[in-house]
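All remarks here apply to the structure that follows.
The values are calculated or read from the model by the stated rules, or taken from the named source; none is laboratory data. Keep in mind the model is a prediction, meaning the values are calculated, not measured. Cβ placement follows ideal geometry from the backbone for every residue including glycine, while neighbour counts extend to all protein chains displayed.
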Amino acid sequence: MTTELVTAIDEAFEMAPSFAQVEALELLVRQAEQRNDASAAAYGARLLYYAAFKMMLGDRMVAAYTSLRATHERHASTLPAETALHVASLGANLLHVLDKIPEISWERMNALYSDIEKLHVANGLSRYGLCSARVSSYFQAGYTERARAGYEELLAMPADKDACEPCSVGRHVWFLLELERVDEAIELAAPLTDGRLACDNYPAGIWSMLAIPLARRGDWKLARAYHARLHRSALARPTWVGNAAAAATFAAIDRAHIKAKNVLAQALPHAMQDTMKGTRFEFFTAVTVWLDAVAREQSSVKLALPKELPLEHASSRYEIAPLRAWFANAAHEIASQFDRRNGNTHWTDELGSASDVLELEPPPR
């Protein structure tokens, strides 16, 4: 590896997570490729993937993985042996985000699955994470029966001992919630909710999954306790746009409109830049739910909007109807992209019923 390139890549990776960091690494990877420095290109692409993952930039993750995979394919004989493991590992991680990028067709998704599976088999790695990602993609697409069958297959497989245990448990909790097996999901989540298991993603991720199901069951005390933790994590890391959406939605249900507004306002600039369209959809839908809740009490709302929105107003006060229409239309546009890819109306149906949760009746706080 060229020493100056490696040093520059390391320095870029040490930057705070940001779009600037991702762009700096992209430039360095291109330079390595132009110099035909396979080792530096592979190293840079791997760190670029991690940087894009921290920012949840789906298209950049795909590009980084594609670059790493191509470099390995062309230079496998000269690259370190562990490069194949890096490619397989990042590929397995990538599979879990493909279902939130509607521009990637099922044909391409299936090709990536097949290629990454081939890498895993060749390197003697577990297929458990790949099967888990496939189940997730079926749920996200609304293919419930395929997801159910895939989940049964997953349960029959030996678990991947090298996988992150909190993430694995969290994923199974989500699967059970999608299958409406709420009691089982809550029981399975216990090691995350009581602090026995933790990682960068959990338990913060578990609060976002369980708060609303608990409220639906009438367990408002526990639901509010989980939401309090979720709200704090969403404010602490506004780049977790999905968590912010869940926090705002529960606050809207619980009539805690200021809490909802605070977390939405802080995460909104990130949602506007986030290229993971599935996550952006979740956030825009949460905004519409909150606005529907507020509209029951008032006709306008004060909110600081980022410059990317064409609704910027000098007083920062907006009539709710046109503001809601903008977010609803933006969410519908994304949902339509997913539905065209998936060949159904699953995403637009989700959007159409999103505000039904406001019919829950929270007890006095």
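What the table below lists for this structure:
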| quantity | calculated |
| --- | --- |
| The listed residue being under 18 Å from ARG224 (Cβ atoms) and assigned to a helix (DSSP H, G or I), out of ALA265, ALA246, ALA271 | ALA246 |
| Hits in region 309-365 (condition: in contact with a Leu (Cβ under 8 Å, 6 or more places away or on another chain), hydrophobic (A, V, I, L, M, F, W, C) and closer than 15 Å to GLY278 by Cα) | PHE327, ALA328, ALA331, ALA335 |
| ASN93, sole failed condition from (1) at pLDDT below 90; (2) outside any helix (DSSP H, G or I); (3) under 30 Å from ASN344 (Cα atoms) | (2) |
| One residue from ALA88, ALA84, ALA64 being more than 22 Å from the chain's Cα centre (by Cα), among the small types (Gly, Ala, Ser) and closer than 26 Å to ALA133 by Cα | ALA84 |
| Test: residue in region 309-325 that is among the polar types (S, T, N, Q), in contact with a strand residue (DSSP E or B) (Cβ under 9 Å, 6 or more places away or on another chain) and not in a strand (DSSP E or B) | yes |
| Cβ pairs under 8 Å, 6+ apart, first in region 183-206 and more than 16 Å from ASN243 (Cβ to Cβ), second basic (Lys, Arg) | ALA190/ARG196 |
| Elements of type helices (runs of 4 or more DSSP H) in region 115-187, at least 3 residues being over 20 Å from the mean Cα position of the chain (by Cα) | 144-155 |
| Condition met for ARG224 (outside any helix (DSSP H, G or I) and modelled with pLDDT of 95 or more) | no |
| Region 132-164, residues that are surrounded by fewer than 17 Cβ atoms within 10 Å (Cβ to Cβ) and not small (Gly, Ala, Ser) | THR144, GLU145, ARG146, ARG148, GLU152, GLU153, LEU155, MET157, PRO158, LYS161, ASP162, CYS164 |
| Among the residues listed as SER114, SER132, the single one being without any contact (Cβ under 8 Å) to a residue 12 or more places away in the chain and not charged (D, E, K, R) | SER114 |
| Residues satisfying the stated conditions in region 327-349, i.e. surrounded by fewer than 17 Cβ atoms within 10 Å (Cβ to Cβ) and not polar (S, T, N, Q) | GLU333, ARG340, GLY343, ASP349 |
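Yes/no matrix, rows are residues, columns are (1) surrounded by fewer than 19 Cβ atoms within 10 Å (Cβ to Cβ); (2) under 30 Å from ARG340 (Cβ atoms):
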| position | (1), (2) |
| --- | --- |
| ALA12 | no, no |
| LEU48 | no, yes |
| ARG69 | no, yes |
| HIS75 | yes, no |
| PRO80 | yes, no |
| THR83 | no, no |
| PRO102 | no, yes |
